[in-house]
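The values are calculated or read from the model by the stated rules, or taken from the named source; none is laboratory data. Keep in mind the model is a prediction, meaning the values are calculated, not measured. In this analysis, Cβ positions are derived from the backbone assuming ideal geometry, glycine residues included, and neighbour counts consider all displayed protein chains. For accessibility, only protein heavy atoms count, side chains too; no ligands or nucleic acids. Shrake-Rupley method; radii C 1.70, N 1.55, O 1.52, S 1.80 Å.
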Amino acid sequence: MATVISNERLANGVYHLRVEGEHGGKMGQFYMLRAWGAYPLLSRPLSIHQVNDDGVEFLYHVVGEGTEIFAGLTPGDPIQLEGPFGNGFPEVEGKVALIGGGIGIAPLYYCARQLPDSDVYLGFSREAFRTEAFRPLAAELTVDVGGLILNSVDFDSYDHIFVCGPQPMLKAAQMKGAAAAAGGRSPKVYLSLENRMACGIGACLVCSVSCRDGQRKACTDGPVFLAEEVVFHD
Amino acid sequence: MISTSVNTTATIAGVHFKNPVVMASGTFGFGKEYGKLYDVGMLGGISGKGLTLQAKAGNQGIRVYETASGLLNSVGLENPGVEAFLSKELPYWEKLDTARIVNLGGNTLADYVLGAELIQRDANERALEGRRAVDMIELNISCPNVKEGGIAFGVKTPAAREVVRAVRAATSLPLAVKLSPNAEDIAEMAEMCEAEGADAVSLINTISGMKIDVRRRRSVFNNLYAGLSGPAIKPVALRMVHQVAHRVTIPVIGMGGITSATDIIEFIMAGATVVQVGTYNFMNMRAGSTLVEELHQFMVEESITSLDEIRGIV
């Protein structure tokens, strides 16, 4: 059992949760969290926003009963953590772009800390949040509210592109990556997928992802996949 | 610390269970994942992910949805296929000191038979080499999430009889048949299994259910319906186990919404020989070790020295 340090509301339905303890993890990995007993049944997967000496941090968006309970947490409250799980973003060298959409910016903050010369692109449909925290870490920070952040990114300018956001955005990033590859520069595009999960450790196959080489698991093979591997279904 | 003063063992068709806690098919992979979190060899048994003759990709779209104390799933039997299981997963099971149950599904009667034959052949080869093989086949005629096979065989007794008979003829391994709560008459189904030479029946599989997304005006599942599991179904499961246990002489493997030692005791009192634990694995990643410890503790507290004392007493 871990303890909540703080749980700050950043925007409408968006919270920044800090949890005390020695919790490690690599960029792009996630934890399974629960702050309740038997119900809701499932723990909730949240990607690592930041790891530091005090503990581990998460950003989450209230979308259902579980995250609603998270939103009610106050400092000192107990919370259960299991993890870190999953394969995160790779350690890379070269010119990197970090592209986040909405709550998808969550894992990219930890990436920006580890890859300090990256260009960071943050897109929001209505309200921006946490953008100023990225500013000192980014070589260049681009923020877009209401538009399509991908339109601001020249894929040809990068060696590696990390993307996390809603599925239509991931699909669009995949297409832009393919177009750039056809043009010659060929950036490696990595997508962090947000799938429903039950077990979080590869046993239940609820989070199955269609890939070119067959079904893979978002929880253990991902949540980060090379864009070219993923087959999106509408 | 687990007490050694109580006897939790059970035997089904010569297969030894050191305790009644068996992990249910579809919720435990092949054990490897949970093996990183605790010693899964301490479990009574493991029923592996449901297998079909050929690998299966499973269903598209949303695969799980929470309900009040329940879980709807529409995984659709994604699995690597029998042969891949035997070559890639069984070696891990070899090292485990627990009962190893392979859950076998199928699209057609021929699939079931060919799957059972492959498992039998593997067991024969292993026996010659002195290696541990699969201990039991759990025949899945009750998956509600696949269009062909699965529950299509598990609702009507005559159709189920054909599968049970054919698989019984194809293997000499201990055979349990996993029954569906959606069966027209589950007790009649169990009696048929006994008559056809099954060594046990396991019940219940998930209950066919539904969830509608009212904003999108459609079911959340591409397959329309999904299988309901978890604490919500426990009273139904318990009633069915009780009914069936009083109608057959073969052992009953009971399951449905078990999340505590007292839940296990209820199923044993209803007549189950061992139980399976499914959805609870998603609520508590160490469900197996928690339950085994709690069960011992409960038995000590209640002065139950052996589960045989209370089995079927209700």
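Can you tell me how much longer the chain between B:Leu224 and B:Glu184 gets when fully stretched, taken as 0.36 nm per residue apart minus their C-alpha distance, in nm with one decimal?
Separation in residues times 0.36 nm, less the Cα-Cα distance, equals 12.3 nm.
For chain A, can you list the cysteines whose C-beta has no other cysteine C-beta under 4.7 Å from it?
A:Cys111, A:Cys164, A:Cys207, A:Cys211, A:Cys219
Over all distinct Cα pairs, what is the inverse of the mean 1/r for the range B:257-314, reported as the Kirkwood hydrodynamic radius in Å?
Result for the range B:257-314, one decimal place: 11.6 Å.
Explain nothing, just the number: relative contact order of the range B:59-116, from Cα pairs under 8 Å at least 6 residues apart, as a whole percent.
Relative contact order for the range B:59-116 comes out at 20 percent.
Give me the percent of DSSP beta bridges within the range B:167-285 that run antiparallel, rounded to the nearest 5.
DSSP beta bridges in the range B:167-285 are roughly 35 percent antiparallel.
So if I place +1 on the C-beta of Lys and Arg and -1 on the C-beta of Asp and Glu, and nothing else carries charge, what would the dipole magnitude of the range A:1-127 be about its Cα centre? I want it in debye, nearest 20.
300 debye
What ranking of B:His296, B:His246, A:His233 comes out by heavy-atom accessible area, probe 1.4 Å, highest first?
B:His246, A:His233, B:His296
Determine the gain in length on full extension of the stretch A:Asp156-A:Asp77; use 0.36 nm per residue of separation and subtract their C-alpha separation, reporting nm with one decimal.
Full extension of this stretch gives 23.8 nm more.
Using the heavy atoms of the protein chains alone and a 1.4 angstrom probe, what is the accessible area of the protein assembly as shown per residue in square angstrom?
40 Å²
Taking the full set of protein chains and a 1.4 angstrom probe, give the accessible area of B:Arg286 in square angstrom, rounded to the nearest 10.
Here the residue's solvent-accessible area equals roughly 80 Å².
Can you figure out the FRET efficiency of B:Ala84 with A:Glu93, using R₀ = 35 Å and their beta-carbon distance, to the nearest 0.05?
That pair, B:Ala84 with A:Glu93, gives E of 0.40.
Whenever you get a sec, line up A:Tyr190, A:Tyr158 from highest to lowest accessible area (probe 1.4 Å, protein heavy atoms).
The most accessible residue leads, giving A:Tyr190, A:Tyr158.
Quick one: if you stick a label point 7 Å off each Cα along the C-beta vector at A:Thr142 and B:Leu128, how many nm between them?
6.6 nm
Mind running the shape call on the range A:74-224? Use the C-alpha gyration tensor, a ≥ b ≥ c as the square roots of the eigenvalues: rounded below 1.5 for a/c, prolate if a/b tops b/c, oblate otherwise.
Oblate is the answer for the range A:74-224, as a/c is 1.5 or above yet b/c matches or exceeds a/b.
Would you please classify the overall shape of the protein assembly as shown from the alpha carbon gyration tensor, given that a ≥ b ≥ c denote the square roots of the eigenvalues, rounded means a/c under 1.5, and beyond that prolate means a/b larger than b/c while oblate covers the rest?
The shape class here is prolate.
Can you bin every Cα-Cα distance in the range B:157-257 into 5 Å intervals starting at zero and give me the percent of pairs per bin, rounded to whole numbers?
The percentages, shortest bin first, are 2, 13, 21, 19, 16, 12, 8, 5, 3, 1, 0.
Sketch the reach of a paramagnetic label on B:His16 as a point 7 Å from Cα along Cα-to-Cβ, and name the residues of the range B:27-56 whose backbone nitrogen lies under 16 Å away.
Within reach of a label on B:His16, which here means backbone N under 16 Å from a point 7 Å along Cα→Cβ, the range B:27-56 contributes B:41-46.
I'd like the distance separating the alpha-carbon centroids of the range A:38-116 and the range B:275-310, in whole Å.
33 Å
Looking at the square roots a ≥ b ≥ c of the eigenvalues of the Cα gyration tensor of the range B:1-156, which shape do they give, rounded for a/c under 1.5, prolate if a/b is larger than b/c, or oblate?
Taking the square roots of the gyration eigenvalues as a ≥ b ≥ c, the range B:1-156 is oblate.
Probe 1.4 Å, all protein chains in place: accessible area of B:Met210 in Å², nearest 10?
Roughly 90 Å² of B:Met210 is accessible to a 1.4 Å probe.
Length gain on complete extension for the stretch B:Arg239 to B:Thr108, per 0.36 nm per residue less the alpha carbon to alpha carbon distance?
44.1 nm
Provide a whole-number value for the mean count of partner chain Cβ atoms within 10 Å of the Cβ atoms in peptide A:213-220.
Taking the mean over all residues of the peptide, I get 2.
If you take the accessible area of A alone plus B alone and subtract the pair, what total do you get in square angstrom, rounded to 100, with a 1.4 Å probe?
2200 Å²
Can you pull the Kirkwood radius for chain B, inverse mean 1/r over Cα pairs, to one decimal in Å?
Evaluated on chain B, it is 19.2 Å.
Most fluctuating residue of B:Ala170, B:Ala270, B:Ala200 in a GNM of chain B with Cα springs under 10 Å: which is it?
In this elastic network of chain B, the residue with the biggest mean-square fluctuation among B:Ala170, B:Ala270, B:Ala200 is B:Ala170.
Per residue, what volume in Å³ does the Cα convex hull of the range B:206-314 take up?
Output value, Cα hull per residue: 119 Å³.
Which of the pairs B:Lys178/B:Lys234; A:Lys217/B:Lys56; A:Lys188/A:Lys217; B:Lys18/B:Lys156; B:Lys156/B:Lys234 have their Cα atoms more than 26 Å apart in this structure?
Where the Cα-Cα span goes over 26 Å, the pairs concerned are B:Lys18/B:Lys156.
Counting alpha carbon pairs within less than 8 Å and at least 6 residues apart, what relative contact order, in whole percent, applies to chain B?
20 percent.
Using Cα springs under 10 Å in a Gaussian network model of chain A, which residue among A:Gly200, A:Gly13, A:Gly165 shows the largest mean-square fluctuation?
A:Gly13
Mind ranking B:Asp185, B:Asp308, B:Asp263 by accessible surface for me, highest first, 1.4 Å probe?
Descending order: B:Asp308, B:Asp185, B:Asp263.
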